[in-house]
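The values are calculated or read from the model by the stated rules, or taken from the named source; none is laboratory data. Keep in mind that what you see is a predicted model, and the values were worked out from it rather than measured. All Cβ positions, glycine included, derive from the backbone under ideal geometry; neighbour counts span all protein chains shown. Each accessible area value is taken on the protein alone, full model and side chains, heavy atoms only, with ligands, DNA and RNA left out. Shrake-Rupley method; radii C 1.70, N 1.55, O 1.52, S 1.80 Å.
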Amino acid sequence: MSDVATKRRRCFFGTDGVRDVANRGSMTPEMALRLGRAYVLFLTERGFPRPRIVVGRDTRRSGPMLEAALAAGMTSAGADVVCVGVTPTPSVGFGVRLFSAQGGAVISASHNPAEYNGIKFLDGAGCKLSDDDELSIEDYLGDNLIDEWRPSGASVGSIESRECDFNRQYEDHVLDLVGHVGLDRASILFDCANGALSPIVSDMIGRMGMVNSSAIGNLPDGLNINEKCGVMAIEGLCREVVGRGMSLGIAYDGDADRVLLSDGKGRVLDGDIMLWIIGRWLHSRKELGSGVVATVMGNMALDRHLKDDGIDVYRCPVGDRYVFQTMVERDARLGGEQSGHVIVFPYTKTGDGLCTGFLFLRACTELKEDIDTLVDRFGRFPQKLTNITVKDKNRIMNDGDIASAVESASRDLGDIGRVFLRPSGTEPFVRLLVECQDPNLMEEVSSDLQRRILEMIG
């Protein structure tokens, strides 16, 4: 399920597709074209000789450039492409099912700055591909067949644009899923991160009769996505909620597969708190399945709270597709990450910020939860996450002395804390997480480990 578990390590694909500075490295138009052709060959050799593929993008300036190259590569390999324009990542998964397509592709670098971009592929169910599937696509990139496969005449693929009506169909889909959430009198401030939800949220506010609610970060110019807004700058939304006297804030990232909230006091409600509330709500409706899936980065307080309600928690590697895979393996109907990727199956099959946020509010309403008390009652264990810049992430993760130091520190903390070290899937650093009930001990362990790691790497 993780990179370690596969026989070979992926070269281009990270934890969330292929990603790089746009027009550089592995995110050039030439690479996008080859990725498009490789993906079509991948589908063709699995029984779809003329696949239909839904393609969406976020608001980055480089998006149309890469979309044109990707679509050219796909059609040149014989696929029919449905372009849905600027739209959230989860809506592309919805589009795959809506148009009875065999696959999907999203052009987005999610929470990264505007100069980055990326490409991630979806399967025929609208879910992210497995590690093994991405390895297969990488194999096609180096296969002579990618250059020799040249359909002609009527076998060349087509491009259809559905930009004018698709987002409205996605809005209808979300409204059908979340049902009545009673937000017409609520005062909610939405932060769209100048990303893919920018053209959607204002329309949703009107359609749901939320006369006291409004949006910020909804004026994308191609260069301001995630810039001092959205989940990457949630403290800005928290200040605005308090300053404007709003009851709640909801923030998304650039492609809207993540969501974080602010209570009326300006405190962050993260993925752990959402799992706690939605898990209990689904459990009360007998819709939870075997339990809740959380990543290794989730707070230990989540396990304690859900255990009190007789709910099991399963841990998995970081990444929302690993969350989904573990949900399938465990027959769990809810899973997510502290960062705001939350999957509520069968409502969603990937992280869907818009849907998750509304489901959380519905759960709070039906459970009669006071949102402004959730942070206090959750009582999370203090955590310190440190990003350590390195040249070679693999060398660090395979270093026996570093692994021994991390294991020793975690063992010393016992049942009051833990230590976890993992490589970033998209950036040149490793992440050191120290969690402990005693904040002073947490700081001491974190500082000591960071010093030792820096000494070991010179």
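Overview of results
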quantity: Unique match (being within 20 Å of the chain's Cα centre (by Cα), within 25 Å of GLY195 (Cα to Cα) and buried (at least 20 other Cβ atoms within 10 Å of the Cβ)) among ALA32, ALA69, ALA125, ALA22; calculated: ALA22
quantity: Qualifying residues in segment 244-267 (those that are among the hydroxyl-bearing types (Ser, Thr, Tyr) and not in a loop (DSSP other than H, G, I, E, B)) - the one farthest from the chain's Cα centre (by Cα); calculated: SER262
quantity: Meets criteria (touching an Asp or Glu at 6+ places or on another chain (Cβ under 8 Å) and either exposed (fewer than 12 other Cβ atoms within 10 Å of the Cβ) or in contact (Cβ under 8 Å) with a residue 40 or more places away in the chain (or both)) for ARG418; calculated: yes
quantity: Hits in segment 21-43 - residues which are outside any loop (DSSP other than H, G, I, E, B), within 16 Å of ALA105 (Cα to Cα) and touching a strand residue (DSSP E or B) at 6+ places or on another chain (Cβ under 7 Å); calculated: ALA32, LEU35, TYR39, LEU43
quantity: Segment 205-226 residues that are basic (Lys, Arg), paired with ones that are surrounded by 14 or more Cβ atoms within 10 Å (Cβ to Cβ) (beta carbon under 8 Å, 6 or more apart); calculated: ARG207/GLU171; ARG207/LEU175
quantity: All positions within segment 302-357 that are in contact with a Cys (Cβ under 7 Å, 6 or more places away or on another chain) and among the hydroxyl-bearing types (Ser, Thr, Tyr); calculated: TYR322, THR326, TYR347, THR348, THR350
quantity: Count of segment 339-350 residues which are surrounded by fewer than 24 Cβ atoms within 10 Å (Cβ to Cβ), in contact with a strand residue (DSSP E or B) (Cβ under 9 Å, 6 or more places away or on another chain), of a type outside the set (Val, Ile, Thr) and in contact (Cβ under 8 Å) with a residue 60 or more places away in the chain; calculated: 2
quantity: Which numbered condition ASP272 misses (of (1) under 25 Å from PHE190 (Cβ atoms); (2) more than 22 Å from the chain's Cα centre (by Cα); (3) not in a loop (DSSP other than H, G, I, E, B)); calculated: (2)
quantity: Residues being more than 30 Å from GLU45 (Cβ to Cβ), open to solvent by 20 Å² or more (accessible area, probe 1.4 Å) and either assigned to a helix (DSSP H, G or I) or not hydrophobic (A, V, I, L, M, F, W, C) (or both) - total across segment 145-203; calculated: 19
quantity: Residues located in segment 307-338, provided they are farther than 26 Å from PRO423 by Cα and surrounded by 21 or more Cβ atoms within 10 Å (Cβ to Cβ); calculated: ILE311, ALA332, ARG333
quantity: Qualifying positions in segment 353-370 - open to solvent by 10 Å² or more (accessible area, probe 1.4 Å), over 13 Å from ARG285 (Cα atoms) and in contact with a helix residue (DSSP H, G or I) (Cβ under 7 Å, 6 or more places away or on another chain); calculated: GLU369
quantity: Some residue of segment 80-91 being of a type in the set (Asp, Glu) and either crowded, with 21+ Cβ neighbours inside 10 Å or part of a strand (DSSP E or B) (or both); calculated: yes
quantity: Pick from segment 433-458, criterion under 13 Å from PHE381 (Cα atoms) and among the polar types (S, T, N, Q), ranking: least open to solvent (accessible area, probe 1.4 Å); calculated: GLN437
quantity: Criterion (outside any loop (DSSP other than H, G, I, E, B), closer than 22 Å to THR350 by Cα and open to solvent by 20 Å² or more (accessible area, probe 1.4 Å)) met by exactly one of ARG280, ARG239; calculated: ARG280
quantity: All positions within segment 220-236 that are under 14 Å from SER110 (Cβ atoms) and part of a helix (DSSP H, G or I); calculated: GLY230, VAL231, MET232
quantity: Members of segment 44-61 that are part of a loop (DSSP other than H, G, I, E, B) and surrounded by 23 or more Cβ atoms within 10 Å (Cβ to Cβ); calculated: PRO51, ASP58, THR59, ARG60
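Residue-by-condition table, conditions (1) open to solvent by less than 10 Å² (accessible area, probe 1.4 Å); (2) of a type in the set (Val, Ile, Thr); (3) at pLDDT 95 or above:
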{"position": "VAL259", "(1), (2), (3)": "yes, yes, yes"}
{"position": "GLY266", "(1), (2), (3)": "no, no, yes"}
{"position": "LEU269", "(1), (2), (3)": "yes, no, yes"}
{"position": "ARG285", "(1), (2), (3)": "no, no, yes"}
